[in-house]
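Q: Just dropping this structure here.
The values are calculated or read from the model by the stated rules, or taken from the named source; none is laboratory data. Because the structure is a prediction, the values reported are computed rather than measured. In this analysis, Cβ positions are derived from the backbone assuming ideal geometry, glycine residues included, and neighbour counts consider all displayed protein chains.
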């Protein structure tokens, strides 16, 4: 088994296709919401991501087959006055889980963050996704809290209406 992790060049059709295949598989999974990406999103996503200089896509291949991805977005830590890297989407296709690809992708994310001069890597995970939480904990991630009296950070969202 040969594993390769590389930074995607989304101008290459093979990389754009791998991104769409992997993200759609993740979106269809219960941990990703259980719904396929729309055809419009599949068509536009590679170009939209490529236009954003602070977005970095890592692709994992096993024996040449698209197996996993990490989509990271640069941010900034005001408390550290330093850049950070947010792991926005992370997925390994079911048939490739438990073979070390997830750990290898996370190690490459950490390496990318170091290359970019980041102070930390952040991510969000659903509390019921025990397998992913276990992987993240095994790779050195911890729950985010400033003061235990205030508890752990909670991720929230507010959708905005489109005209």
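Q: Inspect all residues belonging to region 92-110 and state whether any of them is in contact with a strand residue (DSSP E or B) (Cβ under 8 Å, 6 or more places away or on another chain), in a strand (DSSP E or B) and touching a residue at least 12 places away in the same chain (Cβ under 8 Å).
A: Yes, some residue in region 92-110 is in contact with a strand residue (DSSP E or B) (Cβ under 8 Å, 6 or more places away or on another chain), in a strand (DSSP E or B) and touching a residue at least 12 places away in the same chain (Cβ under 8 Å).
Q: Quick one: would you say residue 66 is modelled with pLDDT of 95 or more and assigned to a loop (DSSP other than H, G, I, E, B)?
A: Values: modelled with pLDDT of 95 or more: yes; assigned to a loop (DSSP other than H, G, I, E, B): no.
No; evaluated as a whole, the condition is false for this residue.
Q: Which of the residues belonging to region 10-54 are assigned to a loop (DSSP other than H, G, I, E, B) and touching a residue at least 24 places away in the same chain (Cβ under 8 Å)?
A: Initially, region 10-54 is screened for residues assigned to a loop (DSSP other than H, G, I, E, B), giving 10-12, 29, 33-38, 51-54.
Once the filter is applied, which keeps residues that are assigned to a loop (DSSP other than H, G, I, E, B) and touching a residue at least 24 places away in the same chain (Cβ under 8 Å), region 10-54 yields 10, 11, 29.
Q: Would you mention how many residues in region 89-107 are closer than 17 Å to residue 119 by Cα and surrounded by 15 or more Cβ atoms within 10 Å (Cβ to Cβ)? Step through it out loud before you land on a result.
A: Here is the first cut: in region 89-107, the residues closer than 17 Å to residue 119 by Cα are 106-107.
Next cut, surrounded by 15 or more Cβ atoms within 10 Å (Cβ to Cβ) only: 106.
So the count comes out to 1.
Q: Could you figure out which of (1) at pLDDT 95 or above; (2) farther than 27 Å from residue 13 by Cβ; (3) part of a helix (DSSP H, G or I); (4) out of contact with any helix residue (DSSP H, G or I) (no Cβ under 9 Å at 6 or more places or on another chain) isn't true of residue 76?
A: (3)
Q: From the residues in region 79-88 that are outside any strand (DSSP E or B) and on the phi < 0 side of the Ramachandran plot, which one is surrounded by the fewest Cβ atoms within 10 Å (Cβ to Cβ)? Spell out how you get there, then give the answer.
A: To start, the set of residues in region 79-88 that are outside any strand (DSSP E or B) comprises 79-81.
Subset that is on the phi < 0 side of the Ramachandran plot: 79-80.
On the way: 79: 7, 80: 11.
Result: 79.
Q: Give the residues of region 113-163 that are outside any loop (DSSP other than H, G, I, E, B) and under 30 Å from residue 53 (Cβ atoms), sorted by residue number. Step through it out loud before you land on a result.
A: Residues of region 113-163 outside any loop (DSSP other than H, G, I, E, B): 113-115, 121-123, 130-138, 148-150.
Result: 113, 114, 115, 121, 122, 123, 132, 135, 136.
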